[in-house]
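What follows is one structure encoded as structure tokens, with my remarks underneath.
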Amino acid sequence: MYFSVFQIFKPGIGPSSSHTMGPMTACAMFRNTLSQALATSLKDKQVTQIRCHLFGSLAFTGEGHGTDRAACLGLLGFQPDDVCPDLAAQRLSELAANKCLELPTGRATIAFDPDTDIVFDYDQRDLPHPNTMCVQALDAKGEVCLEETYCSIGGGFVVTRAEIQSEHKTIANEDAPTPPHSFCSMAELLNVCTTNNLSIAEVMRQNELAAMSSDDLNHKLDHILNIMLRCIERGMSTEGILPGGLGVKRRASDLKNRLDAERHKNEARPHAANDWLCAYAMAVNEENAAGNQIVTAPTNGAAGVVPAVLRYYKDHIAYPNDCDEDLRKFLLVAAAVGGIIKQRASISGAEVGCQGEVGSASAMAAAGLCSALGGTNEQIENASEIALEHHLGMTCDPVRGLVQVPCIERNAFGAIKALTAASLALHGDGSHVMPLDNCIEAMRQTGLEMSSNFKETSQGGLAVNLPEC
């Protein structure tokens, strides 16, 4: 199965791809399904109410992740990639006052009270996925007329219960042309490269060109890059306290100002590279925590790693040279690694812990940077493995269910590890002991053995060890 670069990198809103973007997408899907059913199979039914049940991690940390708000927006017809903040706030305010929804069918309004019709179910255990939700349409007697169970499997991807039970873990575009180069593992990808005398970036580019022109591909890649870079700029120019009640202060702006002052005085320290990576990564994840626009890379919780390393390459390595094509290669190669990890393991913190989020992002960034710096296919594979290997076992334990502590700083360290991994790989010839595919399998096994307390439920780790004042 081939994952497009535009499935791995998707514009959306914070704070979580699995707990915000996924539920919003699921509820928008249900809204469309119900609208169609009301015109056909349910045209003689009196559907009067909609109810949404949140299970597993969506229940335990849904409030901190804004899952209830996201579900409302989906039922109102919003999609993660086109949310206008002002319009969304207006529609949510109207929903809170009117407690009803209007569907595209033109039927009478359907009752939906966010306070009572979004149910946080903490007790259900037999779930097809840790991030499971069920949306129902009810008649006046409270009987179910239509329901669908959705699983938010990370990175904004949503599948139905039937799809996940059949191991069909992505929403495929049935109309998309078959890519010329199919691969399910890094070993298969490297074999494709060797057989066709291509780089990893060239394989990815040829696959994408099966569905679009070269100009369209470059335009779409540049669009993703621009959103990432704008997000960094917003984060580094915004001060204040992040929402959610923890009182977390934005730090990227202050860090950037301090680094600028040092540089202008010729006082930059040898380890300033790490400081800049931290500033860039934290800027993105502070924007994510504020619910603003980001790009899944491959998730929201890990959205700062890839943009930080991209920005570092652009401003500190390639500058002042034109590096647009290098940045496109970076994204293509990073997406190849992200797609392999998603297919062979998981990028969901609720499924395998933060090793699947920040660990995957670091592996992607390391591969992308190694490619931009002229690394061979073997060095790229080595870089991604080094970065992932040193995130194995990382838990997902957000304090109060907010994507703030420890998530923001973890992105900074994921970016630093990516830079280190790429540098180490480039100093070698690509030969090493542990293949990336085996490291991914180790991550999958570690995730299976990890207690659910450490997988985005906020029931263990840092989440239960914050001193109370």
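The values are calculated or read from the model by the stated rules, or taken from the named source; none is laboratory data. All values reported here derive from a predicted model rather than from experimental measurement. Using ideal geometry, Cβ is built from the backbone for each residue, glycine included, and neighbour counts are taken over all protein chains shown. We work out accessible area using only protein heavy atoms, side chains counted, and drop any ligands, DNA or RNA first. Shrake-Rupley method; radii C 1.70, N 1.55, O 1.52, S 1.80 Å.
The residue list Leu58, Leu95 contains one member that is open to solvent by less than 20 Å² (accessible area, probe 1.4 Å) and either in contact with a strand residue (DSSP E or B) (Cβ under 7 Å, 6 or more places away or on another chain) or basic (Lys, Arg) (or both), which is Leu58. With a requirement of 2 or more residues that are over 30 Å from Gly247 (Cα atoms) and over 20 Å from the mean Cα position of the chain (by Cα), the helices (runs of 4 or more DSSP H) lying completely within region 1-71 that satisfy it span 22-39. Taking the stated definitions as given, is Ala162 at pLDDT 95 or above, surrounded by fewer than 17 Cβ atoms within 10 Å (Cβ to Cβ) and assigned to a helix (DSSP H, G or I)? Against the criterion (at pLDDT 95 or above, surrounded by fewer than 17 Cβ atoms within 10 Å (Cβ to Cβ) and assigned to a helix (DSSP H, G or I)), Ala162 does not qualify. Test Leu419 against the stated conditions and say whether it is at pLDDT 95 or above and touching a Cys at 6+ places or on another chain (Cβ under 8 Å). For Leu419, the condition - at pLDDT 95 or above and touching a Cys at 6+ places or on another chain (Cβ under 8 Å) - is not met. Among the residues making up region 328-376, those that are outside any helix (DSSP H, G or I) and of a type in the set (Ser, Thr, Tyr) are Ser346, Ser348, Thr376. Scanning region 122-157 for residues that are of a type in the set (A, V, I, L, M) and part of a loop (DSSP other than H, G, I, E, B) returns Leu127, Ala140. Exactly one residue out of Glu202, Glu267, Glu208, Glu188 is touching a Ser or Thr at 6+ places or on another chain (Cβ under 7 Å) and either open to solvent by 80 Å² or more (accessible area, probe 1.4 Å) or within 21 Å of Asn377 (Cβ to Cβ) (or both): that is Glu208. In the set Glu381, Glu351, only one residue is open to solvent by 10 Å² or more (accessible area, probe 1.4 Å) and touching a Lys or Arg at 6+ places or on another chain (Cβ under 8 Å); that residue is Glu351. Filtered by the rule that a residue be within 13 Å of Met228 (Cβ to Cβ) and either among the acidic types (Asp, Glu) or in contact with a helix residue (DSSP H, G or I) (Cβ under 6 Å, 6 or more places away or on another chain) (or both), region 277-297 gives Tyr280, Ala281, Ala283, Val284, Asn285, Glu287, Ile294, Val295, Thr296, Ala297. Do you know which residues across region 73-121 are part of a loop (DSSP other than H, G, I, E, B), acidic (Asp, Glu) and either touching a residue at least 12 places away in the same chain (Cβ under 8 Å) or within 17 Å of Glu63 (Cα to Cα) (or both)? Hits for region 73-121 are Asp113, Asp121. Region 204-294 holds helices (runs of 4 or more DSSP H) entirely within its bounds, and those carrying 2 or more residues that are more than 29 Å from Phe6 (Cα to Cα) map to 252-264, 272-289.
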